[in-house]
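To keep things clear, I will list the structure first and then write my remarks on it.
The values are calculated or read from the model by the stated rules, or taken from the named source; none is laboratory data. Here the structure is a predicted model, which means the values were calculated and not measured. Positions of Cβ are generated from backbone atoms using ideal geometry, with glycine treated the same way; all protein chains shown enter the neighbour counts.
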Amino acid sequence: MFRWGVLSTAKIAREHVLPAIADTDNGVVSAIASRDAGRARALADRFGAPHALGSYEELLACDAVDGVYIPLPTSQHVEWAAKAAEAGKHVLVEKPLALDADDILPLIEIRDRRKVLICEAFMVIYHPQWIKVRELIAGGAIGRLRHIQGAFSYYNVDPSNMRNNIALGGGALPDIGVYPIVTARFATGGEPARVQATIERDGTFGTDNYSSVRVDFGDFELSFYLSTQMAARQSMVFHGEEGFIEVASPFNAGLYDHHRIELHNQKHTAAQIFRFPGAQQYRLQLEAFARAANGGGDTVFTLENSVLNQKVIDAIFRAGEHMGWEPVG
């Protein structure tokens, strides 16, 4: 069994990842660390973890931990991923891994030198609905792909929330802009060449709270908008010459809508519906990571892939400062 240690008692760990670890068939929660020892103990008791530690350093030194999950604020991801890997631990770190693509490069060196696995936690690519979308596109179900349209929004104006703190890496593009990009890249196997963007920032927080983005993949285009101050919505549509695919709840399946994709024909007179009841993308991600860390050969989201995804985000921020196209890379 893969022994997990968790750095911090963050909400995503409490509500999604720790319950998912408990559901995996190849992992256990071994240790939880927090700068508040009492919080670590309470969460460890809740999930049956034998070790509750009062500092992150103690967890990295713990012999009862094989891999570390890091749900810290974005601005601390690279720092603690590096420390964990140097300590000989495998590392699964929340997205976005970094705020600049160049910041990921030292982690590749550490990974290779220390012979550990380091992955950005894009749980969506492990969900069977996205594997099915990729298969449908590759199999010609919608003919030539011409356009992908996406949206991701929620409403959050809480000043104490890290997503509204620019110093901690908050903002819409780092938090949710990564999803339309990573799923478009995953489903098509394509890489963007250039981007255009309109970006608005909150006058109080300074974070980007709205973006309208156009991404040129060469053979097709992705357009999407996202916001942290609009009514909650998720959507991804892949539109081809012979049909289109709609993903009902592309990023948080089961929360915004059901685990469902729809394949429509050219004249919109018939549709096939594919359902994935009970699929748990966090659990699938954790199981694949544990198998890969133990030499199982599973496909995981590599650091090289993280660099490519972050380069798109970096280009969008640059494009938001001027009119016209901005090259990726």
Please name all residue pairs, on different chains or six or more residues apart, with Cβ atoms under 6 Å, provided the first residue is in segment 283-304 and is under 19 Å from GLY189 (Cβ atoms) and without any contact (Cβ under 8 Å) to a residue 24 or more places away in the chain and the second residue is surrounded by 15 or more Cβ atoms within 10 Å (Cβ to Cβ) and not acidic (Asp, Glu).
-> ASP298/ALA288; ASP298/ARG291; ASP298/ALA292
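Within the group VAL157, VAL213, which residue is in contact (Cβ under 8 Å) with a residue 40 or more places away in the chain, of a type in the set (A, V, I, L, M, F, W, C), closer than 28 Å to PRO73 by Cβ and assigned to a loop (DSSP other than H, G, I, E, B)?
From the options VAL157, VAL213, the qualifying one is VAL157.
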Pick from segment 50-79 the residues that are aliphatic (A, V, I, L, M) and closer than 17 Å to ILE12 by Cα: which of them is surrounded by the most Cβ atoms within 10 Å (Cβ to Cβ)?
-> VAL68
Quickly run through segment 204-258 and pick out the residues that are more than 18 Å from the chain's Cα centre (by Cα), of a type in the set (Ser, Thr, Tyr) and surrounded by fewer than 17 Cβ atoms within 10 Å (Cβ to Cβ).
-> THR204, SER212, SER223
Residue count, segment 182-203, condition within 16 Å of TYR155 (Cα to Cα) and buried (at least 18 other Cβ atoms within 10 Å of the Cβ), comes to 1
Check THR207 against each of (1) closer than 27 Å to GLY329 by Cβ; (2) modelled with pLDDT under 95 and name the one condition it does not meet.
-> (2)
Does segment 93-102 include one or more residues that are more than 21 Å from LEU7 (Cβ to Cβ) and touching a residue at least 40 places away in the same chain (Cβ under 8 Å)?
-> yes
Give the residue that is modelled with the lowest pLDDT, with candidates limited to residues of segment 268-282 that are farther than 29 Å from ASP25 by Cβ and of a type in the set (S, T, N, Q).
-> THR269
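Looking at PRO96, PRO106 in this structure, which one is outside any helix (DSSP H, G or I) and closer than 24 Å to GLY329 by Cα?
Details: PRO106 fails: outside any helix (DSSP H, G or I).
On inspection, the qualifying residue turns out to be PRO96.
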